[in-house]
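The values are calculated or read from the model by the stated rules, or taken from the named source; none is laboratory data. Since this is a predicted model, take the numbers as computed values, not measurements. Heads up, the Cβs are rebuilt from the backbone with ideal geometry, glycines too, and the neighbour counts pull from every protein chain shown. Protein only, heavy atoms only, side chains kept; ligands, DNA and RNA dropped before computing areas. Shrake-Rupley method; radii C 1.70, N 1.55, O 1.52, S 1.80 Å.
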Amino acid sequence: MENKDEIPSGIAVGLVPEVAARAAKKVKESIGIPVAVKITPELALFHMLKAIPLYKKAGVSAFTANHSFLSVAPPDIYNGGKTSFPHMETTALFMTQGPWHRFATYRNVAMLGKYFKDADVMACAGLTIPEHCIEVMMFGAKAVQLSSGIFLNGVSFPGKVLDFMKTYMQQQGYSRVSDFTGLGQKYLVEMEECQQEFKPQVGRLIASIDREKCVGLSKCKICLDNWCYATYEEDGKPMVDARLCSSCNLCVIRCPHEARSLQYID
Ligand SMILES: Cc1cc2nc3c(=O)[nH]c(=O)nc-3n(C[C@H](O)[C@H](O)[C@H](O)COP(=O)(O)O)c2cc1C
Ligand code: SF4
Ligand code: SF4
């Protein structure tokens, strides 16, 4: 980088992968042991794709994905927008942690698993229930770091995750952790490939209603809550106009009686 003033510092180093990769290379050369980089979720998807070859070239062999977003705590809307931190007159544009980081963690763990297969990845950020830990491992994480999960659930949380994992593995028939690590990777494809799978379904995959399970519109109004153009009422029952159904699956998710499903029609 030409201008020294442009070189970021602290957590912002990850925003300029050229600098982060060069620093990692120097550290590796100096201490001669494998180097792991903790990456930022702030780097957008396409910038992350460009960063991966730089880290490869620098000899980085492991990652923690991710650190925290640089964000800000909410204002107190009942106190003129003052900071909601107790005893503080001001608030900083600073880091936040916690559950809302989770999908950025999935993204970067999945991306590293796909585009940097040799790297070891430790998942971090937003993992607050045991299932989250299995999910990131299915995307290829070999280890999990718990931070907010411990604040929210107490210090017994890591033990609970391990207990859950043992039961889960017994139920699913996995004898080793490596039996399920990375299994979800093979379902991750580029958007174009996914669209190729989806296109033939449009107009053929239509919501259907199981009349045995549906309790009827006199008892349940969810279907006609004005959010689906395809659903209409006939004789007190919800009906689906197949020509208007866009296969969006929302009604399947929202029906509290599992009466809805998507079915192929010819
Ligand atoms: C009290 C506290 C101290 C932290 N100290 C560090 C630190 O020294 N180095 C670091 O890389 N991350 C540090 N972090 C960030 C966490 O490692 C983690 O990246 C972040 O909390 C996001 O994960 P979470 O959503 O599970 O909390 C700290 C977080 C908290 C809450
Ligand atoms: S939401 Fe489900 S149970 Fe309720 S009316 Fe619709 S299909 Fe029937
Ligand atoms: S919510 Fe979506 S899937 Fe269900 S009937 Fe409406 S358009 Fe079809």
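Numbers at a glance
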{"item": "Å² of accessible area per residue within the chain, as computed with a 1.4 Å probe and no ligands counted", "result": "65"}
{"item": "Directionally averaged shadow of region 183-266, computed from the convex hull of its alpha-carbon atoms, nm²", "result": "7.1"}
{"item": "Heavy atoms of residue 31 accessible to a 1.4 Å probe, total area in Å² rounded to 10", "result": "100"}
{"item": "Rg ratio (alpha-carbon, reference 2.2 N^0.38 Å) - the chain", "result": "1.31"}
{"item": "Mean projected area (nm²) of the alpha-carbon convex hull when region 75-219 is viewed from all directions", "result": "16.4"}
{"item": "Residue order for 243, 211 - accessible surface, 1.4 angstrom probe, largest first", "result": "243, 211"}
{"item": "Heavy-atom accessible area ranking, 1.4 Å probe, most first, across 174, 187, 229", "result": "229, 187, 174"}
{"item": "FRET efficiency for residue 177 and residue 115, using Cβ-Cβ distance with R0 set to 22 Å, rounded to 0.05", "result": "0.45"}
{"item": "Signed unit charges on C-beta, dipole axis of region 1-73, positive-most listed residue 21, 43, 59", "result": "59"}
{"item": "Convex hull volume per residue for region 1-116, taking Cα atoms only, in Å³", "result": "152"}
{"item": "Region 1-80 versus region 127-201: alpha-carbon centroid distance in Å", "result": "24"}
{"item": "Nearest-10 value in Å² for the accessible area of residue 257, using the 1.4 Å probe", "result": "80"}
{"item": "Under 18 Å from residue 221, Cα to Cα: lysines that are on another chain or at least 8 residues apart", "result": "213, 237"}
{"item": "Residues in region 89-128 that a label on residue 79 would reach, taking backbone N under 18 Å of a point 7 Å out along Cα→Cβ", "result": "89-93"}
{"item": "Length added when fully stretched, residue 254-residue 208, from 0.36 nm per residue minus Cα-Cα", "result": "15.2 nm"}
{"item": "Contour excess over end-to-end distance, with Cα ends at residue 242 and residue 217 and 0.36 nm allotted per residue", "result": "7.1 nm"}
{"item": "Among 223, 194, 124, residue whose mean-square fluctuation peaks in a GNM of the chain (springs only between Cα atoms under 10 Å)", "result": "223"}
{"item": "Beta bridge orientation in region 1-122: antiparallel %, DSSP, nearest 5", "result": "35"}
{"item": "Accessible area of residue 95 in the full protein assembly, 1.4 Å probe (Å², nearest 10)", "result": "60"}
{"item": "Residue of 72, 19, 240 that the Gaussian network model of the chain assigns the largest fluctuation, springs spanning Cα pairs under 10 Å", "result": "240"}
{"item": "Segment residue 147-residue 164, extension gain: residue separation times 0.36 nm, minus the distance between their alpha carbons", "result": "4.3 nm"}
{"item": "Choice from 185, 172, 97 showing the highest fluctuation, given a GNM over the chain with Cα pairs closer than 10 Å", "result": "172"}
{"item": "Fraction of accessible area attributable to carbon and sulfur, region 191-264 (%, probe 1.4 Å)", "result": "52"}
{"item": "Modelled FRET efficiency - R0 22 Å, residue 44 with residue 71, Cβ distances, 0.05 increments", "result": "0.90"}
{"item": "Antiparallel DSSP beta bridges within the chain, as percent of all bridges there, nearest 5", "result": "55"}
